[in-house]
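Just below is one structure, and these are the notes that go with it.
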Amino acid sequence: MGTDIHYFVEQKMYRHRYNDPDRSGKWISIDKWTKSSWAILYPERDESPTWIVESNDMVFKDRNYDLFAILANIRNPENMPYISEPRGLPEDVSEEIRLQIEYGEFHSTTWFTAKELLEFNWDQVFEYEDETMDGEVFIDSVNYMECGSKLLDVVRNLVGRKEKSDFRIIITFDC
């Protein structure tokens, strides 16, 4: 058993597409939502939101503990530099995502705009001492770009030519 990561995606939408001087849009989930059979069959239990994003439908699914450490200081025994401590849910998160996270057994929820993720310095290599089962000490390293390249490809594909700050990735972990 290990830690898994769950990714949700929001896009900021605007009423006035071309003339919105204060950029006061609304965050909308752009994930693939499925009706929860559990919530429909057992409504009296109130244990599941009506709509969920299945793990297989999430935009990104890799279990990469080094990436978890880089994103949010999760499973980071070597104390690698990371983007930020978990920030919790944004106050203006879309209702569907808020409900799925509230009903789940998640921890260390955080979020990033696509701009933050794409502008982070992924050209880092972190070196640390480790040791074998026999007690032999050696130097190991984590290449940030190798860890994050698949996620960055997904983010670039989501954004395309649109404004990077109008996309937000909500991340949460479970055990």
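Miscellaneous remarks
- Pairing each residue of region 1-25 that is over 23 Å from Leu67 (Cα atoms) with any residue that is modelled with pLDDT under 70, provided the two are 6+ apart or on different chains, yields C-beta distances under 7 Å for Tyr14/Asp20.
- Among the residues here, Phe138 does not qualify as farther than 30 Å from Asp46 by Cβ, of a type in the set (Phe, Trp, Tyr) and at pLDDT 95 or above.
- Within region 101-121, the residues that satisfy the criterion of being free of Cβ contacts under 8 Å to residues at least 60 places away in the same chain, closer than 22 Å to Phe167 by Cα and outside any strand (DSSP E or B) are Glu102, Ala114, Lys115, Glu116, Leu117, Leu118, Glu119, Phe120, Asn121.
- Some residue of region 144-158 being more than 15 Å from Tyr7 (Cβ to Cβ), modelled with pLDDT of 95 or more, of a type in the set (Lys, Arg) and under 15 Å from the mean Cα position of the chain (by Cα): no
- Taking the criterion of being in contact with a helix residue (DSSP H, G or I) (Cβ under 9 Å, 6 or more places away or on another chain), loosely packed, with under 15 Cβ neighbours inside 10 Å and of a type in the set (Ser, Thr, Tyr), the only residue of region 22-49 that qualifies is Thr34.
- Some residue of region 31-48 being over 30 Å from Asn143 (Cα atoms), within 16 Å of the chain's Cα centre (by Cα) and of a type outside the set (Asp, Glu): yes
- Filter result for the condition that a residue is assigned to a loop (DSSP other than H, G, I, E, B) and without any contact (Cβ under 8 Å) to a residue 40 or more places away in the chain, over Arg98, Arg87: Arg87
- Close pairs (6 angstrom Cβ cut-off, 6 or more residues apart or separate chains): within 20 Å of Glu105 (Cβ to Cβ) in region 48-71, among the hydrophobic types (A, V, I, L, M, F, W, C) and at pLDDT below 90 anywhere: Ser48/Trp38; Ser48/Ala39; Thr50/Ala39
- Residue within region 117-129 that is farther than 23 Å from Glu78 by Cβ and hydroxyl-bearing (Ser, Thr, Tyr) present: no
- Within region 122-175, tally of residues that are hydrophobic (A, V, I, L, M, F, W, C) and free of Cβ contacts under 8 Å to residues at least 24 places away in the same chain: 6
- Checking Thr172 against (1) over 30 Å from Trp38 (Cα atoms); (2) surrounded by 13 or more Cβ atoms within 10 Å (Cβ to Cβ), the condition it does not meet: (1)
The values are calculated or read from the model by the stated rules, or taken from the named source; none is laboratory data. Fair warning: this is a prediction, and the values are worked out from it, not measured in the lab. Cβ sites come from the backbone with ideal geometry, for glycine too, and all protein chains shown count toward neighbours.
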